[in-house]
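Everything on this sheet refers to the single structure shown next.
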Amino acid sequence: MSQLSAESIVAAGPFSDWLRKMRRSLKGDEGMDVPCGDCVGCCVSGYSLQLRPEDHKAAARIPATFIVRAEGFAKGNLTVRALENGLCPMLDDGKCSIYSVRPQTCLDYDCRIFAAAGIDAGGEDKAVINKRVREWRFSYPERTDELEHAAVRAAATFIRDRRDSFTVRVPAGSMGIAVFAIKAYEVFLDPATSAKQEAEVARAIIDAVRAFDSNGA
């Protein structure tokens, strides 16, 4: 990771506090409060935007020509496709034109998840987000913050680099890897994990993800 000037470093907050909030967000219990500032990385990086039924205020402001039926999402959800240049169609002069009623997907998106996992958001098409990811700096007021961040990074590294150890399909994309790491990081808090066979660690990760999805954060 390249050296950054003090002016380009952005405070991400205490790590363990952020981790708890992110896990609750992944369960749908609350959204994330992201200190984006002037950054519009997620708005210029080619993301399709999911519209849930409860996003009716946002949907009413988005021209129908940009909305299509969502594939791979829950029934009733729609998708707002990015423009060919990667911009969100609701971006106007560099700012969100529906910010006050923006969809839940926008409220939930938090690129600090990539900084937590120690990975980029993607390739060149995610260059703006990657820049912000490298600028984020978590703080560690307690030893727990350091240990949990190290565990999240270890989980992400294992999921990314040890795919052959899994007997079930695991995410290959950056977001999927980061989400899996947030759900399963506790596996790497256990000192005994380092002495286990890779296949055993992989099973523990899958068990942790399934337990999270079934029982909550």
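Data table
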item	result
Net dipole in debye of region 41-153 [+1 Lys, Arg Cβ; -1 Asp, Glu Cβ; about Cα centre; nearest 20]	240 debye
Span per principal axis, largest first, for the Cα atoms of region 13-134 (Å)	40, 31, 27
Simple Cβ-charge dipole of region 130-197, Lys/Arg +1 and Asp/Glu -1, about Cα centre, in debye nearest 20	400 debye
Distance between modelled label sites at Glu200 and Ala150, nm, 7 Å Cα→Cβ extension	2.1 nm
Positive-end extreme of charge dipole, region 141-198 - chosen from Ala195, Ala156, Pro171 (charges on Cβ)	Pro171
C-alpha center-to-center spacing [region 163-184, region 127-145] in angstrom	21 Å
Close Lys-Lys pairs in the chain, where close means Cα under 26 Å and separation is 8 or more or interchain	16
Evaluated at q = 0.12, 0.14 Å⁻¹: base-10 log I(q)/I(0), Debye formula over Cα of region 141-208	-0.27, -0.37
Karplus 3J(HN,Hα) series, Hz, for region 15-32 with 6.51 cos²θ - 1.76 cosθ + 1.60 (x for Gly, Pro)	5, 5, 4, 4, 4, 4, 5, 5, 5, 5, 5, 5, 8, x, 7, 6, x, 9
DSSP beta bridges in the chain [antiparallel fraction, %, rounded to 5]	65 percent
Contour minus Cα-Cα distance for Cys36 and Ser100 (0.36 nm per residue)	21.6 nm
Simple label model, 7 Å out from Cα along Cβ direction - Asp92 to Glu124, nm	3.2 nm
Residue-averaged 222 nm ellipticity for the chain, from DSSP H runs of 4+ at -39500 (n - 2.57), nearest 500	-12000 deg cm²/dmol
Amide hydrogen neighbours beyond the local backbone of Gln50, cut-off 5 Å, H modeled	Val80
For log10 I(q)/I(0) by the Debye sum over Cα atoms at q = 0.08, 0.14 Å⁻¹, calculated from these coordinates, the label among (i) -0.31, -0.94; (ii) -0.64, -0.93; (iii) -0.57, -1.23	(i)
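Where a number appears in this text, it was derived from the coordinates with a stated rule and is not lab data. What you are looking at is a predicted structure, and each value in this text was computed from that prediction instead of being measured. As a convention, Cβ positions derive from the backbone with ideal geometry for all residues, glycine included, and neighbour counts pool all protein chains shown.
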